[in-house]
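Structure first, then comments.
The values are calculated or read from the model by the stated rules, or taken from the named source; none is laboratory data. Just so we're clear, the structure is a prediction, and the values are computed from it rather than from any experiment. We place every Cβ from the backbone using ideal geometry, glycine too, and count neighbours over all the protein chains shown. Heads up: the accessible areas ignore ligands, DNA and RNA and are worked out on the full protein's heavy atoms, side chains in. Shrake-Rupley method; radii C 1.70, N 1.55, O 1.52, S 1.80 Å.
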Amino acid sequence: MTAKYCDIFWSFLKVGAFTIGGGYAMIPLMQRELVTCHGWLSDEDFMDEVALSQAMPGVFAVNMASMTGYRLRGVRGAVVATVGNVLMPIVFILALAVFFHTFRDNPVVERIFMGLRPAVVALVAAPVFTMARSAKVTWSNVWIPVVSALLIWLFGVSPIVVVLAAALLGYLYSRLTHNS
């Protein structure tokens, strides 16, 4: 199936325009657009792109848009997806920058932003469970992401070290279980 440039642009424009909270909050909307609505990516391909986008330098959402656009239509597709993804946030940020100085001390605006925080947490948490199912996380191996998160959050271990250690341990585990 060949995606049209206008469909790619429109999908990523919607993702960029209607996501509050930035990169990780975009995951559920991206998954709905790319996997469910258009079928451009499988669940596994989507998870791979999420992982690669996190590992690559730069902004997560831009990495996702570029990678997906490139997969769908090459370099032009990457440009179209990236422009679609960043256009509305840039417009919103410029509008906020122009008008924010008049609202910055307004208690109503402060309360609105405080109220949005739990919603953003929920938007980020929802795809975690969906992706955990796709990654075949079960009760017997759930300790791996939990320990990884705790090492990063509580002990300040670099995520790079955690990823490299997990890769090494996964390789060793695979070797041991296939040789026995």
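Once you've got the GNM for the chain with C-alpha springs shorter than 10 Å, pick whichever of GLY77, GLY39, GLY58 has the biggest mean-square fluctuation. Comparing GLY77, GLY39, GLY58 in the GNM, the peak value goes to GLY58. Per atom type, the chain shows carbon and sulfur on 72% of its accessible surface, probed at 1.4 Å. At q = 0.15, 0.17 Å⁻¹, what log₁₀ I(q)/I(0) does the chain have when each alpha carbon counts as one equal point scatterer in the Debye sum? Those come out to -1.01, -1.18, one per q.
Solvent-accessible surface of region 21-111, averaged per residue with a 1.4 angstrom probe and all protein chains in place: 57 square angstrom. Here each label is just a point 7 Å from Cα along the line to Cβ, and for VAL162 and HIS38 those points are 3.1 nm apart. Applying 1/(1 + (r/R0)^6) with r as the Cβ-Cβ distance of PHE18 and TRP143 and R0 = 41 angstrom yields a FRET efficiency of 0.70. The string of couplings for region 140-149 from the Karplus curve (6.51, -1.76, 1.60, θ = phi - 60°) is 7, 10, 5, 5, 5, x, 5, 5, 4, 5 Hz, one whole number per residue in order, with x for Gly and Pro. Remark on VAL157: its backbone amide H falls under 5 Å from those of ILE152, a criterion applied only to residues 5 or more positions apart or on other chains, H modelled at 1.01 Å from N. Computed extension length for LEU94-VAL121: 7.2 nm, one decimal, from 0.36 nm per residue of separation with the Cα-Cα distance subtracted.
For region 77-90, 3J(HN,Hα) computed residue by residue from phi via the Karplus equation (6.51, -1.76, 1.60; θ = phi - 60°) reads x, 5, 5, 4, 5, 5, 4, x, 5, 9, 4, 5, x, 5 Hz, glycine and proline entered as x. Amide H contacts of HIS38: none lie under 5 Å away among residues 5 or more positions distant or on a separate chain (H built 1.01 Å from N in the peptide plane; Pro and chain starts excluded). Comparing ASN63, ASN106, ASN85 in a Gaussian network model of the chain where C-alpha atoms under 10 Å apart are linked, the largest mean-square fluctuation is found at ASN106. A simple charge model with +1 on the Cβ of Lys and Arg, -1 on the Cβ of Asp and Glu and nothing else charged puts the dipole of region 53-180 at about 400 debye relative to its Cα centre. Solvent exposure of region 116-180 amounts to 82 Å² per residue of accessible area, where only protein heavy atoms count and the probe is 1.4 Å. Exposure check, 1.4 Å probe, all protein chains in place: SER158 carries approximately 50 Å² of accessible surface. Where the centroid of each part is defined by its Cα atoms, how far is region 78-97 from region 131-151 in Å? Each part's Cα centre sits 34 Å from the other's.
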